[in-house]
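Data block below; observations after.
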Amino acid sequence: MIHFDLKDRTAIITGGAQGFGLDIAKKFLDSGANVIIWDVDRKELEKSFKEINNDKLSFNIVDVSNFDEVDQTVKQITKSINIDILINNAGITGSTAELWNYDVKEWNKIVEINLMGTFNCCKSIVPNMINNNYGRIVNIASVSGKDGNANASAYSSAKAGVLGLTKSLGKELAEKNIAVNAVTPAGAKTRILDQMSKEHVQKMLSKVPRGRFLELNELTSLVCWLSSEENSFSTAAVFDISGGRSTY
């Protein structure tokens, strides 16, 4: 696998205690970065921190849907270091149901975490990147944000919003040395699938021409490049990694 040079860079990875986030954290550490993982699950955070056992890894318990909590944590971090890389990975899928049967509170929660969480982190961290004249932001969206998944209107809508946010913010920062991009993965074998019905998961898989789920390392490699100095031109872009599912 290609080695990416992230030496002396500091990265924040939301939803970093497991799944995509944890795999990205491991690869970043291997690439020389200082990594701070955020999550709401203290037990999983402590477990992952202990397993990795790397002095360049630290963590914070942060609810990304709470702007004040995000902002206070960022202010504490930036007292001593700059934040060079932000991976907005925290998200939930929620249950599967037709829009007219969807629970309103759950619908709102999904949007608050997936879309507003991304907004909150960008709003708080981007000023530090501007002051430092450097930044790489990668928003983990989903192929459902492009295609729309039946019975997953909240998740699809939130991830579509993340794509719009990425394009807007990328253009706002285009004259600075800050790249903002999104990736749209197809389903992968992570615990997020446990939130869906077996029928919904099988339907998702049936749409992928490659006929299999995405491997964690396949997404991680793409995210690493987007987070590196080598990505010096691409911004406000959406990088598809859906195994051929997406039609645009």
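The values are calculated or read from the model by the stated rules, or taken from the named source; none is laboratory data. Note that the structure is predicted; figures quoted are calculated from it, not measured. All Cβ positions, even for glycine, are placed from backbone atoms using ideal geometry, and neighbour counts span all protein chains on display.
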Only one of Asp147, Asp103 is acidic (Asp, Glu) and at pLDDT below 95. Can you tell me which?
Asp147
Can you name the residue in the range 145-173 that is polar (S, T, N, Q) and surrounded by fewer than 24 Cβ atoms within 10 Å (Cβ to Cβ) and is also farthest from Gln202 (Cα to Cα) among such residues?
Ser168
Which of the residues belonging to the range 1-47 are surrounded by 18 or more Cβ atoms within 10 Å (Cβ to Cβ) and assigned to a loop (DSSP other than H, G, I, E, B)?
Phe4, Leu6, Arg9, Gly15, Gly16, Ala17, Gln18, Ser31, Ala33, Val40
Would you check which residues across the range 48-70 are over 24 Å from Leu115 (Cβ atoms) and in a loop (DSSP other than H, G, I, E, B) and list them?
Asn53, Asn54, Asp55, Lys56
Can you find, within the range 208-243, the residue that is farthest from Ala160 (Cα to Cα) among those that are β-branched (Val, Ile, Thr) and assigned to a loop (DSSP other than H, G, I, E, B)?
Val208
Would a scan of the range 35-55 turn up a residue that is of a type in the set (S, T, N, Q), under 20 Å from Ile140 (Cα atoms) and in contact (Cβ under 8 Å) with a residue 12 or more places away in the chain?
no
